[in-house]
Amino acid sequence: MAPYRKGTADLLVYGDSIQSIFSSHLHFKTSFPHTEAPPYEPSPCLSYLRTTRHYFRRRLFCTSTMATSQSSQKGPLSSKTASVHAEPSNADVQEEPPVLAPKLDREYVTGVKLYIIVAAVAFVSFLMLLDNMIVSTAIPSITDDFHSLADVGWYASAYQFGSSAPQPLTGKIFKYFNTKWTYLVFFLIFEIGSVICGAATSSPMFIVGRFIAGFGAAGVATGSITIISLCAPLEKRPPLIGLNLGFSLLGLVLGPLIGGAFTSYTTWRWCFYVNLPVGALAVLAILPLRVPEEMIKPKAWSLLPRLYHYLDLVGFALFAPAVLQLLLALQFGGQAYPWKSATVIGLFCGAAATAVVWGFWNRRCGDDAMIPLSMIRRWNVLFSGIYVAFLTSAVYAGIYYLPLYFQAINGVSAIRSGIYLLPMIVSQLITAGLSGVAVSKIGYVIPVAVFSTVFLAIGTGLYSLLQPGTSSGKWIGFQILGGVGFGSGLQLAIIAVQAAMNSEELASSIAFVVFSQAFGPTIAMTLYNLIFLESMRSQISRYAPNVSPKAIVDVGATGFRSFVSPADLPGVLQAYANSINRVFYLAAALATLCGVFLWGMGWHDLRKKEESSVSPEAEDTKRGGEDMHANRPTEEGEKLA
């Protein structure tokens, strides 16, 4: 790196001199009184020199300590010369990540190719959520085969940990490596995890497969939004991203239905094998198409010697254990172990200590960290992440606890409870696309975010009114209100970040938002479960004192009907309804908090972003031509000469 920087410094020293020679040469040729000035054409050489000088000054400029001290004692010209000619020592110079040269000629995908890419990416995103939900109905059969009822918690937490902890790291990976091939590699990892789950012969093998599948899903989630952002201009992204996110939500509803069908009529292993042929179709659609890049990325082999530095693997090694310990503490607390037990307290303390160490390391790495400080310090990125975390946390209460209401209180089957969720899912699909169009027309995300928050808070709050015997018209209307709120707000955080961040930081900022979108519901679901179980114990004792609360909790959502007497059944149903309502109290509060943080997403006009998103190097090239044109004598000046 040292010789390369020395050559860069020489270019900075002599760049102005060479540029002035070319400028004076052009001026000399056009200053004769009897010579007609040729029509102005920007010199490619001058444009290149201006671009290169500006680019290396911003990206590779390295000032030694000696030069800095000298510059404080000399004038502006001397300080510039001293800072350039000072030979940096080995102690002062640190190798930095490879330069990502911006492309001056940006191209987008149009026509049929664009829709094929968006459809394939949306289908892969659908498979991710389908795989996340399909296991819910297969868990009873899996525990029967492996005789591992105690490992049920690991089946869910392994996938959640695999998909949430590596999420910020995926942004760095997409930043330095080819987007399309990186996306396909992550999808291959997901498929490998699905194969391991389907072929598992023991519970530990199944848990490992779930973790691998979650790791692949983390990269696919970031890559899906990144690919759409690279293929379409900013003003066209909102409806495309909305359709992608809306279509993927179908996996939340169809997952239990498909899982129940496979488990009932074939075997639970097909819940995971089905990803292979279906995923191959999406790969075949993406493989022959070219995904444009915003940056000229280095060769993959050139990154290997310093891969730990470019990707901040040390930061990931600290961040992942902190997330794992927090998830385990929330998973075990109040269920496997008491909250005051040494195990739960130790996990919380370990998570806090590891997070503190990671914070110091992240501060030391600065912009090279897995989650760059410069990105977190931007209010629009931070508030967008918090906004989407509260948004998804609120809607997950309806996705998970409305089926519980339908099955436990109304006594319907698992398949029918999934059908009863269609009002919410259909309204989400429709409004996800319409909100993208609205953002493109309005130009700002905050007005649509206000609309989303109002509907989501009202719909989620109305869920708490559900009681035994509530008419279908009410819960259908409540779901439509909540679905409109969630569908219209799901993509807004990603759009706001895209409008505020430059090309180099786009992948990392998207990864941060996707991480917030995954990590928020993980914490919220643990709190929902805690509220529900504690409320069930107190409500059963109040409305059905002759029934054991532990027996009701242990048998599941529908098993209590087999041993509860007809006289005690109304009390148990009322206890179930009140406990579910308390969950929706918290969900409504989280939806309301979205109204606080949405104002920090920024008032960035998306209609002007595309015009102002030209890279600094391209701006300098353009200004170079304008400066030459301004310095060129006018016809009147030539005649006077």
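The values are calculated or read from the model by the stated rules, or taken from the named source; none is laboratory data. Here the structure is a predicted model, which is why all the values come from computation and not from measurement. Glycine also receives a Cβ, built like all others from the backbone with ideal geometry; neighbour counts cover every protein chain displayed.
Whether any residue in the stretch 168-176 is hydroxyl-bearing (Ser, Thr, Tyr), within 20 Å of the chain's Cα centre (by Cα) and under 21 Å from ALA518 (Cα atoms) is what I want to check.
Scanning the stretch 168-176, I find at least one residue that is hydroxyl-bearing (Ser, Thr, Tyr), within 20 Å of the chain's Cα centre (by Cα) and under 21 Å from ALA518 (Cα atoms), so the answer is yes.
Out of TYR444, TYR543, TYR463, TYR528, I need the residue that is within 23 Å of GLN574 (Cβ to Cβ), under 24 Å from the mean Cα position of the chain (by Cα) and modelled with pLDDT of 85 or more. Which one?
Every option except TYR528 fails the conditions.
Just need a number here: residues in the stretch 322-356 that are under 24 Å from the mean Cα position of the chain (by Cα) and either within 23 Å of ASP312 (Cα to Cα) or among the aromatic types (Phe, Trp, Tyr) (or both).
The number of residues fulfilling the criteria is 11.
Sort out for me the helices (runs of 4 or more DSSP H) sitting completely within the stretch 195-296 that have 2 or more residues that are under 22 Å from the mean Cα position of the chain (by Cα).
Those helices (runs of 4 or more DSSP H) span 203-231, 237-248, 250-265, 275-286.
Name the single residue that is farthest from LEU311 (Cα to Cα) among those in the stretch 162-182 being in contact with a Ser or Thr (Cβ under 8 Å, 6 or more places away or on another chain) and among the charged types (D, E, K, R).
Among them, the one singled out is LYS175.
Return the residue satisfying two criteria in turn: it lies in the stretch 506-525 and is among the aliphatic types (A, V, I, L, M) and modelled with pLDDT of 85 or more, and of such residues it is farthest from the chain's Cα centre (by Cα).
ALA524
Looking for whichever is outside any helix (DSSP H, G or I) and either buried (at least 17 other Cβ atoms within 10 Å of the Cβ) or assigned by TED's automatic domain parsing to the domain that holds SER224 (or both) here; the options are LEU456, LEU466, LEU462, LEU481. Which one fits?
Sole residue among the options that is outside any helix (DSSP H, G or I) and either buried (at least 17 other Cβ atoms within 10 Å of the Cβ) or assigned by TED's automatic domain parsing to the domain that holds SER224 (or both): LEU466.
Looking at ALA213, ALA232, which is the one that is surrounded by 23 or more Cβ atoms within 10 Å (Cβ to Cβ), in contact (Cβ under 8 Å) with a residue 12 or more places away in the chain and not polar (S, T, N, Q)?
From the options ALA213, ALA232, the qualifying one is ALA213.
Let me confirm something: among ALA317, ALA322, ALA261, ALA280, which residue is crowded, with 18+ Cβ neighbours inside 10 Å and out of contact with any strand residue (DSSP E or B) (no Cβ under 7 Å at 6 or more places or on another chain)?
After ruling out the rest, the residue left standing is ALA322.
I'd like the full set of residues that are crowded, with 23+ Cβ neighbours inside 10 Å, under 20 Å from PHE515 (Cβ atoms) and not hydroxyl-bearing (Ser, Thr, Tyr), limited to the stretch 386-422.
VAL388, ALA389, PHE390, LEU391, ALA394, VAL395, listed by residue number.
Hey, can you tell me all the residues within the stretch 262-305 that are among the hydrophobic types (A, V, I, L, M, F, W, C), farther than 21 Å from PHE177 by Cβ and free of Cβ contacts under 8 Å to residues at least 24 places away in the same chain?
VAL274, ALA280, LEU284
When the residues of the stretch 423-439 are narrowed to those that are small (Gly, Ala, Ser) and under 21 Å from the mean Cα position of the chain (by Cα), which ends up surrounded by the fewest Cβ atoms within 10 Å (Cβ to Cβ)?
GLY433
Surrounded by fewer than 23 Cβ atoms within 10 Å (Cβ to Cβ) and either outside any helix (DSSP H, G or I) or in the same structural domain as ALA500 (by TED's automatic domain parsing) (or both): is that true of LEU382 in this structure?
The answer is yes for LEU382.
Quick check on my filter: what residues within the stretch 526-543 are among the small types (Gly, Ala, Ser) and buried (at least 18 other Cβ atoms within 10 Å of the Cβ)?
SER535
Mind checking whether some residue in the stretch 354-368 is part of a helix (DSSP H, G or I), buried (at least 20 other Cβ atoms within 10 Å of the Cβ) and of a type in the set (Phe, Trp, Tyr)?
yes
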